[in-house]
Amino acid sequence: MLIVRRPVRRLLVALLPLLALAAAACSDPMTTTDPQSDFADTVHGVYQIVTILAAIVFVAVLALTLILAIVFHERPGRRAQQFHGNSKLEVVWTIIPVAIVTVIAIPTFRAIADTTDPAPDDAITIAVTGHQWWFEFEYEGTGLVTANEIHIPAGRATSFLLRSDDVIHSFWVPQLAGKVDLIPGHENELWFTPHENAARPEPYLGQCAEFCGLSHANMRFRVYVDTPQNFSAWIEAQQASRIAPANEATAAGETLFLSSSCVGCHTVKGTAAAGSIGPDLSHIGSRSTIASGIMDNDRESLIRWISNPDREKPGVVLMPAFESQMTQEQIASIADYLLSLQ
Amino acid sequence: MATAVETLAPPATQSGIWSWITTIDHKRIGALYAITGFIFFLVGGVEALLIRAQLAVPNGDVIDPELFNQLFGVHALTMIFLAVMPMGAGFFNYMIPLMIGARDVAFPRLNALSYWIFLGGALLLTSSFIFGGAPDAGWFAYAPLTSEQFSPGRNMDFYVLGILMLGVSSMAAALNFAVTIINMRAPGMSLLRMPVFVWMTLIISALLILALPPLTVALLQLLFDRHYETSFLSPGGGGDPLLWQHLFWVFGHPEVYILILPAMGIVSETLPVFSRKPLFGYSAIVFSGMAIAFLGWAVWSHHMYTTGLGPVQKSIFAGTTMTIGVPTGIKIFNWLATMYGGSIRFTTSMYFAVAFIALFTIGGISGVMHASPPIDTQQQDTYWIVAHIHYVLVGGALMGIFSGIYYWFPKMTGRFLGEGLGQVHFWLMFIGINLTFFPMHFLGTAGMPRRIYTYDSGMGWDFWNMVATIGALVIGVSLLVFIANFFRAMGQKPTAPNNPWDAATLEWATTSPPPEHDFDLIPIVRGRDPLWFDRDHGHAPAAAPDSAVHIHLPPPSYYPMMMAVGVLLLAVGPMTHLVLTAFGAVVIAYSVWGWALEPTD
Amino acid sequence: MAQASAVEHHPTSTGTDNRKLLWWIFLGSECLFFGSLLATYLIFKGSLAIPPFPTDRIVDAAALVGVSDAAREACHSIGNNLFECEGILDVPVTSQSTFVLLMSSVTMVLAVYGAQNNRLKMMKLWLLATMLLGLAFLGYQVFEFTTFGNEGLNLSSNQFGASFFMLTGFHGTHVAVGVLYLGSLLFASFRRSGLGPEAGFHIESAGLYWHFVDVVWIVLFTVLYLIPA
């Protein structure tokens, strides 16, 4: 009795996760099963076919294993039948995997062809450069440079030119497209068109998917899919040059910022700050996060970050810990200034 | 005759530690491999538990990121090179000569050398934790993260030199076993009468012999880039980081089969014995093993689908990769058919063998899924792949190894592992594996990247990470049960008869444990399952030979150990001072000289 | 035979001596080692940007930025902002060293003949000759490496330097190991017991290795020196 009950329980245990897999929460921010672009749709189409086949094979083989284990369990009077093989059966179970593999291969090949078409002419082109550990984005033809957060329009193709400045990274926004690596010395291209109805105020989350050193886990980014109108407005706002300080406090912050070593690495358009080592800060106030998506963009986080970036994001050594060079008031003043760069 | 002036006198003692250091007996070397491998398996397990502890909850704070990044890479290196391969090597050292009816391997001293170099490489690699930091760029060590510029510490030097040493060891072992299997078979044992485990070992040897050179070249390029000013792999100097990926995976993919084929060989032994009937489709299993190994050479770029391969390359590598599913499927069906019509004894070994089929199938299915490049763009570098490799390597390779341990333990020690504790071990391990690794499919589907030391809450990853950590603890407990079982068994009197399972292969024709010379009389093989053939056809076991006949065995030797020390010195040179390398070369030269002149009769 | 010797002198399943089989399989593995090095060389050969180049090549001025003086000297302006850079490979000299190595294979055959026919003096003489030819080849290689170094080619100058030195350097190391191998056999053959009853076998095994190293060089010489020309 025990022998029968055990395997049955095993079967149930094996099946439950399978159901859970099918229903894997589509609401998760980085889910791969809720596609919102043509590229992601293509991938998901193949995935669904293959998953169904895989589930069938999984259940069939496991059921067969259990049935054989139960039926041919030793018991009094049973003698094992002595035979060495059966050519007909061998042929049959060569054909079964061949058939399954063929069924997987056809949509695969079609999807490979679909996802390697050249981008349409009206695509927006964004050059992506991977750095340890943040993403730099340059909208070609606009002079617009930003970091870790981008906006793209719904219903129109965006093409990403993927490069790296140091080690290999990988560009991945699961709901919008499969990942493509950023490899130093190479340039890869990825393009997709978000669905017309993919526009939403919340960002689509992305993350570096190739191990790239100490803070690999902290190399995240956000893609906002806007309506075409919102997108145009955003581009226009981001192209604006120097945002004049609105009050005395931010004016003091600007002076402090421009007289500090910040300008050696960061750019703020229209000012003397023209460094190109760190992220462009021209419109940092308009972003929702800092430090490649690991901290909210607010006064308190900015102060913490400027005080000691290595403490917030291990391995960030190019940017010094300003707590040893400035007072907390000075740092707060710079934070206020940066937040004003909308 | 060599004189004492030219070489050291042969070691005299036959017991104590010295006898283990100088042993060239394949059974003792096998035991050394197996025990060392198991100890490193526990080390790798502790590394895994630390990783799981860190990831149990979002924003975990158990270990710092430096250590985490070292642990996930070293966990892989430890499990692959220091645990699963040596445990496999333990079996084929111990069993291959017995299974083919030989008195030892073709080159007993070379065999000892393989072990000692392996031990040196393993200690070198592991000692990195003490000396300034373990390799922290993953086991795949993608350039240019590994360059002097991005990895200025010693970390990657330990990787390069440790793996080079382990490669030398594996190469020596593979050459030895290829020759042993081709040349040392007992009379009557034609190639197609060899047990499947022997076949798989031969195939693994061939894979190692051909796959290690590309890895060696890649490692040398990395070594030269780091220390001798070349830039093979750094784009700054005109190099190409993808060169590393190609060379590494030309080795790395066959390596996967090097890890899984021993397990396939083991269950091909245990399934028939415990089903009390011959293996179904012997030739199909052997030839599909060869097909897997052959195709394994044409699939390496499926690790590189996201690097920007062209559509034609993607399609070709997708095609070859999916094709591997066919011989794998054939194997699975043949194992199932072996159970059909049997009278199955559910010993612990059999439980592990049946679980192997089930769990390996899961790993195989998920493998075919991301053989499709479009799907892989969503699964590559996520926990989906972590789930896949662990179903293949833990659910597959490790379950096979445990099936072998329970099966051959009486042959190796004369004692039985307890069946009661064995069942507890099995069920805990079976549950633990599924609890740990099945949820990783969900994590991957929910977009959790691999190799991240931290993650935020609200990504939908919290629950399954906690489940996986609990599962890892269950696996840990199951291993404690196994260790208890081992010591309990070793405390008992040896009672095992020659052939306790009524098995068919030659290792069961001699005593348990076998005498130092393996067989009093070299057996004669009359069929594919020799002991069953003799039983069914009324051939009595050969009479015990005249006890006056002296079976001469080669004397023990310390040159293998000495040469391994030389190799270790050679390896640590580039990391410290090249004087050590020169000194190592002298030690090696001396050992070769002594080795060559040492009398072997 | 009342005494069953455990290993090594057993009749084998295939009839081939274990050690000889080991050598053959090992050399198969070596093929992949040199194959991987050669593949690296060929991959980079197509995309060389800066001199020194293996063969004559015309480049624009940009390619000369930052290269060493020695490498720049080999490049002459041909107007239009273009420069013609002389190739660094010296086929006539390397043909000599290739000839030397080929001859060493002949002397090796004679040494094996001597050993197998128990003509020990002949064996020793031709072993010595083989060693000397091997050393001569290494001498040529040292000369070549030094010359290339003076002309601005080293491990860090460009991908040609890195892959060329790595490839030919490892081949040279194999020749050096071969010389040591033959040297120890020669040395051992002067002991009272000589090389023992298996002298022919030992010399033949060494010959197998030596011929392999020669054949590898023929391939390298063809691919590196002759085909580009």
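Quick note: the coordinates plus some simple rules give every number you see, no bench work behind them. The structure displayed is predicted, hence computed values, not measured ones. Every residue, glycine as well, gets a Cβ built from its backbone with ideal geometry; the counts of neighbours run over all protein chains shown.
Would you kindly calculate the mean projected area, averaged across all directions, of the convex hull enclosing the Cα atoms of the range B:218-319, in square nanometres? It would help to have the intermediate numbers written out before the result.
Values: hull surface 35.5 nm².
If you wrap the Cα atoms of the range B:218-319 in a convex hull and average its projections, you get 8.9 nm².
Taking the Cα atoms of the range B:213-262, what is the range of coordinates along each of the three principal axes, in descending order and whole Å?
Rounded to whole Å, the extents work out to 41, 18, 12 Å.
Can you give me the distance in nm between label points at B:Ala585 and A:Thr116, each placed 7 Å from the Cα along the Cα-to-Cβ direction?
Rounded to a tenth, the inter-label distance reads 4.7 nm.
Can you work out D for the range B:16-541 in µm² s⁻¹ from Stokes-Einstein, where Rh is the Kirkwood radius over C-alpha pairs, the temperature is 37 °C and the viscosity is 0.692 mPa s? Write out the running numbers ahead of the final one.
Working: Rh = 23.6 Å.
After rounding, the answer is 139 µm²/s.
Sum -39500 (n - 2.57) across every DSSP H segment of at least 4 residues in the protein assembly as shown, then divide by the residue count to get the 222 nm mean residue ellipticity, nearest 500. Provide the component values of the computation, followed by the final result.
On the way: 33 runs with 649 residues, N = 1172.
Result for the protein assembly as shown: -19000 deg cm²/dmol, rounded to the nearest 500.
Cross-link candidates for C:Lys121: which lysines have Cα within less than 27 Å, leaving aside residues fewer than 8 places away along the same chain?
Qualifying lysines at Cα under 27 Å: C:Lys20.
In sequence order, what are the phi-derived ³J(HN,Hα) couplings for the range A:108-113 according to the Karplus relation 6.51 cos²θ - 1.76 cosθ + 1.60 with θ = phi - 60°, rounded to whole Hz, with x for glycine and proline?
4, 4, 5, 5, 4, 4
Report, for chain A, the % of DSSP beta bridges that are antiparallel, rounded to 5.
Details: 27 of 39 bridges.
Taking every DSSP beta bridge within chain A, about 70 percent pair in antiparallel fashion.
Using the 2.2 N^0.38 Å rule of thumb for compact globular proteins, work out how the range B:496-596 stacks up: its C-alpha Rg over that value, please.
On the way: Rg = 22.7 Å, N = 101, 2.2 N^0.38 = 12.7 Å.
Taking N as the residue count of the range B:496-596, the ratio is 1.78.
Once amide H atoms are placed 1.01 Å from N in the peptide plane, what residues at a sequence separation of 5 or more from A:Phe135, or on another chain, have their amide H within under 5 Å of its amide H?
Here the answer is A:Asn148, since their amide H atoms fall under 5 Å of that of A:Phe135.
Multiplying the sequence separation of B:His517 and B:Ala298 by 0.36 nm and subtracting their Cα-Cα distance, what value in nm do you get?
Length gained between B:His517 and B:Ala298: 74.6 nm.
Work out, in µm²/s and without decimals, the Stokes-Einstein translational diffusion coefficient of the range C:90-229 at 37 °C, 0.692 mPa s, Rh from Kirkwood over C-alpha pairs.
207
For the range B:76-178, state what percent of all Cα-Cα pairs lands in each successive 10 Å bin, counting from 0 Å until the bin that includes the largest distance.
The calculated distribution, bin by bin, is 15, 41, 25, 14, 5, 0.
Check chain B and count each lysine pair with an alpha-carbon distance under 22 angstrom, considering only pairs eight or more places apart or from different chains.
So the count of such lysine pairs works out to 5.
In vacuum, with every alpha carbon of the range A:164-252 counted as one equal point scatterer, what does the Debye formula give for log10 I(q)/I(0) at q = 0.11 Å⁻¹? Two decimals, please.
Evaluating at q = 0.11 Å⁻¹ gives log10 I(q)/I(0) of -0.49.
Students often forget the sequence filter, so: which aspartates and glutamates lie under 16 Å Cα-Cα from A:Lys269 once same-chain residues fewer than 8 apart are removed?
A:Glu136, A:Glu138, A:Glu236, A:Glu254, A:Asp280
Please go through the range A:34-115 and write out the trypsin sites (Lys or Arg not before Pro) that DSSP classes as loop and that have at most 16 other C-beta atoms within 10 Å.
On the way: sites: A:Arg78, A:Arg79, A:Lys88, A:Arg110; in loops: A:Arg78, A:Arg79.
Those satisfying the criteria are A:Arg78, A:Arg79.
Roughly how many nanometres apart are two label points built 7 Å out from the Cα toward the Cβ at C:Ser47 and A:Gln325?
Those two pseudo-labels are separated by 3.8 nm.
Express in % the proportion of alpha carbon pairs of the range C:12-88 at distances exceeding 18 Å. Please list the in-between numbers first.
Numbers: 1711 of 2926 pairs.
When every Cα pair of the range C:12-88 is considered, 58 percent fall beyond 18 Å.
Can you compute the charge dipole magnitude of chain A about its Cα centre, using +1 on each Lys and Arg Cβ and -1 on each Asp and Glu Cβ, nothing else charged? Give it in debye, rounded to the nearest 20.
On the way: 22 positive and 35 negative charges, 490 e Å.
Charge dipole, chain A, about its Cα centre: 2360 debye, nearest 20.
Quick one: Debye curve from the C-alpha atoms of the range B:280-435, no solvent, what's log10 I(q)/I(0) at q = 0.11 Å⁻¹?
-0.53
Name all residues of the range A:305-322 having a backbone nitrogen under 12 Å from the label point set 7 Å from the Cα of B:Asp64 along its Cα→Cβ direction, giving them as ranges.
A:311, A:314-315
On a C-alpha basis, how far is the centre of the range B:471-517 from the centre of the range C:124-188 in Å? Whole number, if you could?
Rounded to whole Å, the Cα centres lie 53 Å apart.
Per-residue mean of other chain beta-carbon atoms within 10 angstrom of the beta-carbon, peptide A:198-209? Intermediate results must be reported in sequence, preceding the final value.
Details: counts 0, 0, 0, 0, 0, 0, 0, 3, 1, 8, 3, 11.
Counting Cβ atoms of other protein chains within 10 Å of each residue's Cβ and averaging gives 2.
Give me the one-decimal Kirkwood hydrodynamic radius in Å for chain A, with the sum taken over alpha-carbon pairs. Could you put the intermediate results ahead of the total?
Numbers: mean 1/r = 0.0421 Å⁻¹.
By the Kirkwood definition, the hydrodynamic radius is 23.8 Å.
What whole number of Å gives the distance from the Cα centroid of the range A:28-50 to the Cα centroid of the range B:253-325?
28
Given the options C:Leu133, C:Asn158, B:Phe150, identify the residue whose Cα lies farthest towards the positive end of the charge dipole of the protein assembly as shown (+1 on Cβ of Lys, Arg; -1 on Cβ of Asp, Glu).
After comparing all options, I get C:Leu133.
How big is the range B:400-465 on each of its three principal axes, counting only the C-alpha atoms and giving the largest first in Å?
Cα spread of the range B:400-465 along its principal axes, largest to smallest: 55, 21, 18 Å.
Pulled fully out, how much extra length does the chain show between B:Met290 and B:His577, if you take 0.36 nm times their separation in residues and subtract their Cα-Cα distance? Could the numbers behind the result be given before it?
Numbers: separation 287, 0.36 × 287 = 103.32 nm, distance 4.44 nm.
Gain in length upon complete extension: 98.9 nm.
Which GluC sites (Glu not before Pro) does the range B:200-281 hold that lie in a coil by DSSP with at most 16 other beta carbons within 10 Å?
Numbers: sites: B:Glu229, B:Glu255, B:Glu269; in loops: B:Glu229.
Passing both the DSSP loop test and the Cβ count: B:Glu229.
Run the quick spin-label model on C:Asn81 and B:Phe131: label points 7 Å from Cα toward the beta carbon, then report their separation in nm to one decimal.
Output for this residue pair reads 5.3 nm.
Where Rh is the Kirkwood radius over the Cα pairs of the range B:51-117, the temperature 25 °C and the viscosity 0.890 mPa s, what D in µm²/s does Stokes-Einstein return? Write out the running numbers ahead of the final one.
Working: Rh = 14.9 Å.
The estimated diffusion coefficient comes to 164 µm²/s.
Given the protein assembly as shown, what percent of its DSSP beta bridges are antiparallel, to the nearest 5? Display every interim value, and only then the final one.
Numbers: 35 of 50 bridges.
Counting only bridges with both partners in the protein assembly as shown, antiparallel ones make up about 70 percent.
Compute the helix-to-body angle for C:91-116: its Cα long axis versus the longest principal axis of chain C, expressed 0 to 90° and rounded to tens.
Approximately 0 degrees, to the nearest 10.
Compute the distance from the alpha-carbon center of the range B:549-578 to that of the range A:58-127, in whole Å.
Cα centres, the range B:549-578 to the range A:58-127: 47 Å.
Could you work out the mean count of beta carbons from other protein chains within 10 Å of each residue's beta carbon in A:167-179? Before the final figure, lay out the partial values.
Working: counts 11, 8, 0, 6, 1, 8, 1, 7, 1, 0, 2, 10, 10.
Per residue, the average neighbour count from other chains is 5.
Largest first, please: the extent of the C-alpha atoms of the protein assembly as shown along each principal axis, to the nearest Å.
108, 85, 55 Å, listed from the longest principal axis down.
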